[in-house]
1. Is there a residue being closer than 19 Å to Asn132 by Cα and out of contact with any Cys (no Cβ under 7 Å at 6 or more places or on another chain) anywhere in segment 155-167?
2. I'd like the residue in segment 236-265 that is part of a loop (DSSP other than H, G, I, E, B) and among the aliphatic types (A, V, I, L, M) and, out of all such residues, is surrounded by the fewest Cβ atoms within 10 Å (Cβ to Cβ).
3. Go through segment 121-135 and count every residue that is more than 16 Å from Cys40 (Cβ to Cβ) and either without any contact (Cβ under 8 Å) to a residue 60 or more places away in the chain or surrounded by fewer than 18 Cβ atoms within 10 Å (Cβ to Cβ) (or both).
4. Have a look at Pro58, Pro24 and point out the one that is free of Cβ contacts under 8 Å to residues at least 24 places away in the same chain and either part of a loop (DSSP other than H, G, I, E, B) or at negative phi (or both).
5. When you scan segment 147-170, do you find a residue that is over 16 Å from Asp98 (Cβ atoms) and surrounded by 19 or more Cβ atoms within 10 Å (Cβ to Cβ), even just one?
6. Condition first: outside any loop (DSSP other than H, G, I, E, B) and small (Gly, Ala, Ser). Now tell me which residues in segment 74-116 satisfy that.
7. Looking at segment 207-254 only, could you name the residues that are in contact with a strand residue (DSSP E or B) (Cβ under 7 Å, 6 or more places away or on another chain), among the aliphatic types (A, V, I, L, M), within 23 Å of Asn21 (Cα to Cα) and in contact (Cβ under 8 Å) with a residue 60 or more places away in the chain?
8. Being part of a strand (DSSP E or B) and among the small types (Gly, Ala, Ser), is that true of even one residue in segment 183-195?
Amino acid sequence: MSLLGSRLSGHTIVVLGAAGNLGPIWARSILEQHGSVVACGLGVGEDGGLAALGAGFPGALSFRDCDITDSTPGAFDSVTEGLEPGSISGVVLNAGTDSVPGTGKLALTDYSVEEWRQLFDVNVFGVVTFLNAMVPHLANPSSVVTVGSMYGVVSPKPALYSHFNDGKGSMKNPAYGASKAALLAITKQYGTYLAPQGIRVNMLTLGGVAAGQDPTFVSHFTDHSPQGRMVPREELTGSLVYLLSDDSLSMTGHNMIVDGGYTAW
């Protein structure tokens, strides 16, 4: 659980994908460490969780609506508007899309190229376009954190989804894991090539995060997890703060996995 501190004091962090499930949690963890947050993405101005944070941390949270699938020149100029050059000390690339568990098709080959493209447009092309726009504005030193998934490292186990569709199972879109694997490769190359500029790029890979999944899915997952439980969302924040803070100055191109040990066996 996040504790009030000052590990990000004086740091301005851009959080992409700040609305929704994990975005407000990332934002809160930064604010609690005395950092400032520029919350970006779709619907950030209407997100109740972010609105509550704005009231609790006056002056430390600002909002920038943007669509990362917009590839027109200057599409993200509003994100850096009013900020001094080189004043951004961190970026959290939290934006991404996936399907709800159980809504997948019955076979891998049922997924069309268009369905692959829709995921890659957001999870890879959109994220990279946004990152490219932020690089010229990053400080030395600074930290970029990409948010990955255990399915960028291992294949989904059919047993986790076997109860869906009246026992016929559900096949997760293979484009999701492929997009996160691509993002890991991007993390490694950007992390090494931008290192001379003082910019480090690391991935925070998540697995089995508790998010209101149905009881059968939770039971299946815990049976396959060494810790025998889902990962509470509040236990993710320490890893993010570490990667954003000066504590990780010697880390770049690294993949930090928080999954209760799921990918270890």
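Here, each number is a calculation from the coordinates, and none is a lab measurement. Predicted, not measured: the structure shown is a model, and the values here were computed from it. Cβ coordinates were reconstructed from backbone atoms using ideal geometry, including for glycine residues, and neighbour counts include every protein chain displayed.
1. No, segment 155-167 has no match at all.
2. Per the stated criteria, the residue is Leu249.
3. Summing the residues that are more than 16 Å from Cys40 (Cβ to Cβ) and either without any contact (Cβ under 8 Å) to a residue 60 or more places away in the chain or surrounded by fewer than 18 Cβ atoms within 10 Å (Cβ to Cβ) (or both) in segment 121-135 gives 2.
4. So the residue among Pro58, Pro24 that is free of Cβ contacts under 8 Å to residues at least 24 places away in the same chain and either part of a loop (DSSP other than H, G, I, E, B) or at negative phi (or both) is Pro58.
5. So far as segment 147-170 goes, no, none of its residues is over 16 Å from Asp98 (Cβ atoms) and surrounded by 19 or more Cβ atoms within 10 Å (Cβ to Cβ).
6. Those that are outside any loop (DSSP other than H, G, I, E, B) and small (Gly, Ala, Ser): Ser78, Ser89, Gly90.
7. Val209, Leu236, Leu240, Leu243, Leu244
8. No - not one qualifying residue is present in segment 183-195.
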